[in-house]
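Derivation of every value follows stated rules applied to the coordinates shown; laboratory data play no part. On a predicted model such as this, the values are computed, not experimentally measured, just so you know. Note: ideal-geometry Cβ built from the backbone for every residue, glycine included; neighbour counts use all protein chains shown.
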Ligand code: FES
Ligand SMILES: [Fe+2]
């Protein structure tokens with residue numbers, strides 16, 4: 001993050017007055033719990049946000065070599081992107097043109113020089129062009145349907161890869177990022193190394209995973225035995241970028257930094273700098289690494305999460321590798337034992353029908369931004 005940006009954000013904090021009240025949102029917001037539990041609303045979210053809209057597939061450094069692929073499912077549409085021999089990317093529906101078997105079955109991997117269907121061996125070039133139907137003795141020569149893999153849109157910039165599940169309408173990454181590219185571009189994501197990705201499934205609406213990270217107000221209570229001693233529970237630094245938004249969690253001693261001469265200020269050691277790329281991803285800049293959360297909603301009350309850790313350089317030895325692995329262990333331990341079990345109970349309470357609404361207070365501005373943006377996106381799509 002550029003130094004001027006870090007200074008600007010720290011200044012905002014330093015001027016926010018007692019109890020950081022200047023960081024509060026102008027108004028609180030009431031959201032019906034049906035936004036989390038209604039299957040009709042969920043179906044619309046999948047179509048509008050996940051099928052039709054761009055979503056983050058991953059980071060460029062996860063698929064650096066020819067044949068490397070990443071796959072996902074967007075509103076049920078299985079898609080995968082493949083690194084081409086010339087370094088560009090192509091994305092396609094992950095279903096064979098013979099009888100729709102998947103071409104790749106892992107979340108990430110390498111296809112080798114061609115993409116081969118595991119069912120009857122139809123073979124495609126890396127760009128999805130059908131190359132061969134082995135040993136079929138001309139049995140498919142009497143029809144004229146197209147046999148190349150069905151293309152979908154993919155775009156790559158700033159070390160981020162976006163796909164569109166439902167069409168090949170081009171993706172404009174700058175428009176998708178809505179202004180967050182100034183910061184995200186400064187992180188040099190291209191130069192990072194993927195350490196590990198862990199996948200879990202949770203019994204809650206997908207939005208509750210993102211809600212978890214939006215505010216710090218819960219730290220004092222929910223994390224009283226883990227994070228509360230170190231981190232501020234009174235505010236986050238928030239900024240909106242179209243649908244996306246920034247929420248910076250802060251160390252309790254962050255204002256000490258602003259007692260130094262201004263050209264020495266640094267937010268990085270004091271902040272957990274989180275970019276929410278709505279709808280499906282969270283990119284977190286921590287002091288010495290990057291974490292990325294990617295979501296795949298499976299049902300109105302079920303979501304799959306992929307949590308990845310990226311290091312600034314390849315681990316030099318086993319000790320360095322263990323350091324990163326332990327980092328990921330800790331992240332998943334706190335979220336998996338303190339945050340997400342609470343969120344699952346929240347979902348269950350909302351799904352019971354006994355709680356008609358929830359409230360996002362002025363101390364939770366990113367939460368207000370997130371749900372306002374989603375409600376507006378659905379309303380616009382309905383028109
Ligand atoms: S379904 Fe792929 S070769 Fe038959
Ligand atoms: Fe938390």
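With one equal scatterer per alpha carbon and no solvent term, the Debye-computed log10 I(q)/I(0) for the stretch 331-383 at 0.16, 0.24, 0.30 1/Å reads -0.73, -1.04, -1.00. With respect to the chain, whose longest principal axis is taken over its alpha-carbon atoms, helix 318-334 is tilted by about 70°.
The length gained by stretching the chain between residue 190 and residue 144 to full extension, at 0.36 nm per residue less their Cα-Cα distance, is 12.3 nm.
Remark: relative contact order (the stretch 1-79) = 16 percent; criterion is Cα-Cα distance under 8 angstrom and separation of 6 or more residues. Fewest-first ordering of 33, 259 by other beta carbons within 10 Å of each residue's beta carbon gives 259, 33.
Compared with the dominant Cα axis of the chain, that is its longest principal axis, helix 340-351 is turned about 80°.
Ordering 154, 104, 82 by the number of other Cβ atoms within 10 Å of each residue's own Cβ, fewest first, gives 104, 154, 82.
Counting neighbouring beta carbons within 10 Å and listing from fewest to most, the residues 319, 47 come out as 319, 47. Using the alpha-carbon atoms, what tilt in degrees (0 to 90, nearest 10) does helix 3-14 show relative to the longest principal axis of the chain? On a 0 to 90 degree scale, this one is about 40.
Each 5 Å bin from 0 upward holds the following percent of the Cα-Cα pairs of the stretch 53-166: 2, 12, 24, 25, 17, 10, 6, 2, 1, 0. Hydrodynamic estimate: the Kirkwood radius of the chain over Cα pairs, inserted into Stokes-Einstein at 4 °C and 1.567 mPa s, corresponds to D of 58 µm²/s. Taking all Cα pairs closer than 8 Å and separated by 6 or more residues, the relative contact order of the chain comes to 22 percent. For a paramagnetic label modelled at 7 Å from the Cα of residue 114 toward its Cβ, which residues of the stretch 135-151 fall within the zone defined by backbone nitrogen distances under 13 Å? In the stretch 135-151, the label zone of residue 114 (backbone N under 13 Å from the point 7 Å along Cα→Cβ) covers 135-136.
In this calculation the C-beta distance from residue 136 to residue 167 is compared with R0 = 25 Å, giving a FRET efficiency of 0.20. Based on alpha-carbon centroids, what's the gap between the stretch 166-205 and the stretch 1-52 in Å, whole number please? Between the Cα centres of the stretch 166-205 and the stretch 1-52 lies a distance of 18 Å. Helical content alone sets the calculated 222 nm signal of the chain at -7000 deg cm²/dmol, taking -39,500 (n - 2.57) per DSSP H segment of four or more residues and averaging over every residue.
Compute the relative contact order of the stretch 53-166 as a whole-number percentage, counting only Cα pairs closer than 8 Å that sit 6 or more residues apart in sequence. Here the relative contact order equals 31 percent.
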